[in-house]
Amino acid sequence: MPTPPRTRARQALGVVAAAALIALPVGAAHADSTSPARLDATASTPSPEADATTFRIATSGFVDTFNPFVSIYLTPTNINRYVYEYLVQNSAEDGSPTKGLADSWEVEDGGTTWVYTLQDDLVWSDDEPITSEDVVYTYEQMMTVPELAVANGNLVSNFESVEAPDDKTVVINLKTPQAPNPGTEVPIVPEHIWSEIEDPATFANDADVVGSGPYLLESYSANQSITLRANPNFWQGAPKIDRIQYVYYTNSDAQVQALRAGEVDFVSGLTPTQLQALEGVDGITTHSGEGRRYHSISINHGTVTRDGQPYGTGSEALKDVNVRQALRLGTDTETLLERVMEGRAEPATSFIPSSFPKWALPADDEVIMSYDPEAAMAKLEEAGWTEGADGIREKDGTPLQLRLLVDADDLTEQSIAEYFVPWMEEIGVRIAVESTDGDTISARSVSGDYDLYFSGWSINPDPDYQLGINLCSTLPTGTDGSGGTTQDGYCNPEFDELYAQQRSELDEDARREIVREMLAMNYTDTAQIATWYAHSLEAYRSDRFDGFTLQPKEGGIIASQAGYWGFLTVEPVEGAQQAEEGGVPTGLIVTGVIVALVIAGAVIFVLVRRRKMADVE
């Protein structure tokens, strides 16, 4: 799950609040010290009808765009899951392929031809029929326009052609046999809308969206709110709540306070301490599920473009696998799990979480390295790094010093750094912590201007996509880091060969062995140090809403699923009041002060949302 970004907003609010004490003491007096710091401007936030049921979710997630062809960030990707149905959906039960737009499918010609039959009477939210031509249009855009292949291009890289022999039949012809169902994970868009857009790659798609999922994106106001409304044409029927509204807050503590105050109905991404603080609170239910996300320390092992041009400022030392493995051996992840995550995470072995045991690298695999500072120092000695007078290792007169980028607003990253720095010093590596904001971390990670930074992705039930963004063919094309989607800048031709094998292997047991061999290879190459798979810690106003669906069914999560099940079945508790019916939220009072100040011209601020690679889907 993403780590909430917020520095600039927090700084801006801090100055505004100070100005408020001078300019508007009465208004300021109404905002007590524990009021949620909300990034909102009520004047521009849509007001749902008085009788509509609105489910409010606190967020600080970064939005790059709601364009499903382009967005890779978690918040818009999750919302697009609710807006656009896939040809084949991931089931709530266990994430396995299930009915989406397609009612059924058959595999022919040894896995090279997939034939899908659409459900009867499907219609878009504007009442236009959904046909196989919409599916063909969507896939062909990704296959033929590189700018529209940014988000999911590798999912159609094995497509030879897509056909629509009639309105209800879709035929996908593949270059080679394919084990993963090619109908999953791609939002199908309406051709009659998108074919009329002059430049689909830059289309924001952030208001009055025509979709096919349970909810429709109604409006988006940057850093303020995202509003979805129920789609009465959804093939499973309209949801039981009329609207979902994402409301922006400056940080996770503010979100927790908003839940307590009844200003929102759901929060996710809680820290263990925050979850514990909410346990037992009247009207609030807490939930801990097995997440589908990994957390890691990404290592710049020498960023290069797809055609081999080096770029960035990564340390030469990190090009040596022995140095990278030494960092792994010197990192005590068990202590991090205990002290930083308070036990609410599982130890990581790779970038495929243990919540997908079918594919995850087993903890007893022979490549797994345990915390061993002595072995780490031996690795460095082997690499020619000898201990200097101050204990820091040197090679050819150059000290072994690395930069670690840390989000100044992220308590978890700061806590890890407090442990990591002395551990590295113990083995002779000096770590220079560069504490900065998420925008800067994102920009520097893309351009290769780092040695180490904290990262993580959410993983789908089938590992094909994540394996695919570790290929040499998905590296950037530009020396500014543009033109590709890559997990850690990883490239190993042997890994690429195994990728092709696993994708075409139709025997699941045989495919699993290949996938695990790939994970073991990536682990040994040490492009990243996967630290943990965090439990997804969530809380909601159970005095107002109930009926959440977990994915997977046993021990799963509500938000950030690989599907739309979490909020699809939510319904109001009988007799419950909504948030706005209890009076003016304290956050709105703070907002009113901010807006008044801006109008008065006392302070001019531009609130710019920060982003970071930890927000990626």
Quick one: what pairs do we get from the range 325-345, first residue over 15 Å from residue 533 (Cα atoms) and open to solvent by less than 10 Å² (accessible area, probe 1.4 Å), second aromatic (Phe, Trp, Tyr) and assigned to a helix (DSSP H, G or I), C-beta under 7 Å, 6+ apart or different chains? 330/423; 331/420; 331/423
Can you work out which of the residues in the range 269-323 that are in a loop (DSSP other than H, G, I, E, B) and of a type in the set (Val, Ile, Thr) is farthest from the chain's Cα centre (by Cα)? 281
Residues that are open to solvent by 60 Å² or more (accessible area, probe 1.4 Å) and not small (Gly, Ala, Ser): which helices (runs of 4 or more DSSP H) entirely in the range 385-495 hold 3 or more of them? 411-427
Any chance residue 212 is more than 20 Å from residue 69 (Cβ to Cβ) and touching an Asp or Glu at 6+ places or on another chain (Cβ under 9 Å): no
Here are 356, 420: which of them is of a type in the set (Phe, Trp, Tyr), in contact (Cβ under 8 Å) with a residue 40 or more places away in the chain and closer than 29 Å to residue 517 by Cβ? 356
Any chance you could count how many residues in the range 126-135 are surrounded by 15 or more Cβ atoms within 10 Å (Cβ to Cβ) and closer than 23 Å to residue 202 by Cβ? 1
Qualifying positions in the range 289-305 - modelled with pLDDT of 95 or more and open to solvent by 20 Å² or more (accessible area, probe 1.4 Å): 295, 301, 302, 304
Of all residues making up the range 197-214, the number that are of a type in the set (A, V, I, L, M), over 20 Å from residue 131 (Cβ atoms) and either without any contact (Cβ under 8 Å) to a residue 40 or more places away in the chain or open to solvent by 50 Å² or more (accessible area, probe 1.4 Å) (or both): 1
What do you reckon, is residue 186 touching a helix residue (DSSP H, G or I) at 6+ places or on another chain (Cβ under 7 Å), free of Cβ contacts under 8 Å to residues at least 40 places away in the same chain and closer than 25 Å to residue 499 by Cα? no
Check whether at least one residue in the range 261-278 is open to solvent by 40 Å² or more (accessible area, probe 1.4 Å), at pLDDT 95 or above, out of contact with any Lys or Arg (no Cβ under 6 Å at 6 or more places or on another chain) and of a type outside the set (Gly, Ala, Ser), and report yes or no. no
The number of residues in the range 249-281 that are of a type in the set (Ser, Thr, Tyr) and touching a helix residue (DSSP H, G or I) at 6+ places or on another chain (Cβ under 8 Å) is 4
Output the residues belonging to the range 498-533 that are acidic (Asp, Glu) and under 21 Å from residue 366 (Cβ atoms). 509, 513, 517, 525
Flag if residue 182 is touching a strand residue (DSSP E or B) at 6+ places or on another chain (Cβ under 8 Å), under 16 Å from residue 462 (Cβ atoms) and either modelled with pLDDT of 95 or more or assigned to a loop (DSSP other than H, G, I, E, B) (or both): yes
What do you reckon, is residue 518 touching a Gly at 6+ places or on another chain (Cβ under 7 Å), surrounded by 16 or more Cβ atoms within 10 Å (Cβ to Cβ) and modelled with pLDDT of 95 or more? no
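The values are calculated or read from the model by the stated rules, or taken from the named source; none is laboratory data. Note that the coordinates shown come from a computational prediction; the quantities given were computed from them, not determined experimentally. Using ideal geometry, Cβ is built from the backbone for each residue, glycine included, and neighbour counts are taken over all protein chains shown. Side chains included, ligands, DNA and RNA excluded: accessible areas come from the protein's heavy atoms. Shrake-Rupley method; radii C 1.70, N 1.55, O 1.52, S 1.80 Å.
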